[in-house]
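The values are calculated or read from the model by the stated rules, or taken from the named source; none is laboratory data. Every value quoted in this text rests on a predicted model; they were computed, and no experiment measured them. For neighbour counting, all protein chains shown are included, and Cβ atoms are generated from backbone atoms with ideal geometry for every residue, glycine included. We work out accessible area using only protein heavy atoms, side chains counted, and drop any ligands, DNA or RNA first. Shrake-Rupley method; radii C 1.70, N 1.55, O 1.52, S 1.80 Å.
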Amino acid sequence: MPDDRELMRRHFVKTSLAAGFAAAAASTINAQVLIHTDATGLTAGEVRIPTADGAMPAYRAQPAGKQRLATILVVHEIFGVHEHIKDVCRRFAKLGYLAIAPDLFARYGDASAIADMQALMRDIVSKVPDSQVMSDLQAAARWAAAQGGDPGRIGVTGFCWGGRIVWLYAAGHPELKAAVAWYGRLVGESTDLTPVHPVDVAGSLSVPVLGLYGAADAGIAPETIARMKQALASAPGGGADSQFMVYPDTPHAFFADYRPSYREQAARDGWGRCRLWFEQHGLS
């Protein structure tokens, strides 16, 4: 069985971010509801984050000329860092945050270039070890602290694949102020690359996490949300006062305004709750 060092010993295949949207999602983009946040007043664009394996591409947005900014780590979906994720970073920056979205798939290929979903899952997503993701998010946090961020005020949010990562990262990093997980998987099979899942680490969670989920999510059964709630309630610290908001009749990826799954009412409510959650937990 490979150890963490062997799993993490991999150089970057992709060295820069792609423009536009991932090929696997391009055919379903709904331009009529697509949200675009401008970069006026911001320092925004692609950056390189140093890691032991080389430079990891990432997208950064922050208020121009400001220092000691609360920082939000933004964890992408299975499609990588595309225009929607970049826009989310700019939305946070408009609120006064330094937002950074590292390309956590960059060692394994270009997720934006793969049009077939099964191939994307097989050739990239399934090969990424959780240990590497945790290390890369730490590298992003260090980079942000050196670029105007406040190392004492860091939060994390993520979507779909990134929503699961949010729970795991929060459980391993008690220094975080708060976290928001958007429809991230809560249970799963234990493998070498994914040894634990959110329900397994609920007992050690000391960071308040807000979970935003859809009741009609075909990939996340309601009973798994119930299991996670029970695991949090039974934890010694009460799950650090973590909470769920489950939207009735709402599918997976309801916040993704470029996809048919977008639900404006749930997305707006979720964004409002996300903003308030971070503000209430010391990230304003």
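The ellipsoid that matches the Cα gyration tensor of segment 41-173 has semi-axes, each √(5λ) in whole angstrom, of 24, 15, 13, with the longest given first. The residue 190 and residue 142 beta-carbon pair, evaluated with R₀ = 30 Å, returns a calculated FRET efficiency of approximately 0.55.
Relative to the compact-globule estimate of 2.2 N^0.38 Å, the Cα radius of gyration of segment 140-185 comes out at 1.17. Which value, in Å² rounded to 10, gives the accessible area of residue 223 with a 1.4 Å probe and all protein chains present? Around 120 Å² of this residue is reachable by solvent. Ranking 222, 40, 194 by how far each Cα lies toward the positive end of the dipole of the chain (charges on Cβ) leaves 40 at the top.
Excluding ligands, DNA and RNA, the accessible surface per residue across the chain is 41 Å² with a 1.4 Å probe. May I ask you to list the aspartates and glutamates whose Cα is less than 16 Å away from that of residue 177, ignoring any residue fewer than eight positions away on the same chain? Excluding near neighbours in sequence, the set is 150, 241, 279. Ranking 49, 29 from most to least accessible surface, computed with a 1.4 Å probe over the protein chains only, gives 29, 49. Close amide-amide hydrogen proximity is noted between residue 58 and 47, 49, 103, each under 5 Å apart and 5 or more residues distant or on a separate chain (H modeled in the peptide plane; Pro and chain starts excluded). Just 132, 62, 118 to compare: in a GNM of the chain, with alpha carbon springs under 10 Å, which one fluctuates most? Checking each option, the largest mean-square fluctuation is seen for 118. Around the Cα centre of the chain, unit charges on the Cβ atoms of Lys, Arg, Asp and Glu (plus for the first two, minus for the last two) sum to a dipole of about 660 debye. Under 17 Å from the 7 Å Cα→Cβ point of residue 35, by amide nitrogen: which residues of segment 262-284? Only 262-279 pass the distance filter. Exposed loop positions in the chain were taken to be trypsin sites (Lys or Arg not before Pro) whose DSSP state is not H, G, I, E or B and which have at most 16 other beta-carbon atoms within 10 angstrom. Between these positions, the longest stretch is 69-284. Build a GNM of the chain with springs between Cα atoms under 10 Å apart, and of 56, 117, 228 the one that fluctuates most is 117.
Modelled spin-label separation between residue 218 and residue 15, with each label point placed 7 Å from Cα along the Cα-to-Cβ direction: 4.0 nm. For the chain, the relative contact order is 17 percent, taking Cα pairs closer than 8 Å that sit 6 or more residues apart in sequence and dividing their mean separation by the residue count. Calculated FRET efficiency, residue 123 to residue 234, Cβ-Cβ distance, R0 = 35 Å: about 0.35 to the nearest 0.05. Rg/Rh for the chain (Cα atoms only, Rh after Kirkwood) is 0.93.
Distance from the Cα centroid of segment 90-125 to that of segment 207-245 is 25 Å (rounded to whole angstrom). Summarising the label geometry, the points placed 7 Å from Cα in the beta-carbon direction at residue 28 and residue 244 lie 2.3 nm from one another.
Treating each Cα of segment 179-284 as an identical point scatterer and ignoring solvent, apply the Debye formula and state log10 I(q)/I(0) at q = 0.18 Å⁻¹. Values, matching the q order: -0.92. What residue among 16, 126, 135 has the largest mean-square fluctuation in a Gaussian network model of the chain, using Cα springs under 10 Å? Of the options given, 126 has the highest mean-square fluctuation.
Relative intensity of segment 41-116 on a log10 scale, I(q)/I(0) at q = 0.12, 0.15, 0.19, 0.23 Å⁻¹, equals -0.33, -0.50, -0.76, -1.01, per a Debye sum over C-alpha point scatterers of equal strength in the absence of solvent. Along the axis of the charge dipole computed for the chain (Cβ charges of +1 for Lys and Arg, -1 for Asp and Glu, origin at the Cα centre), the listed residues 235, 173, 62 are led at the positive end by 62.
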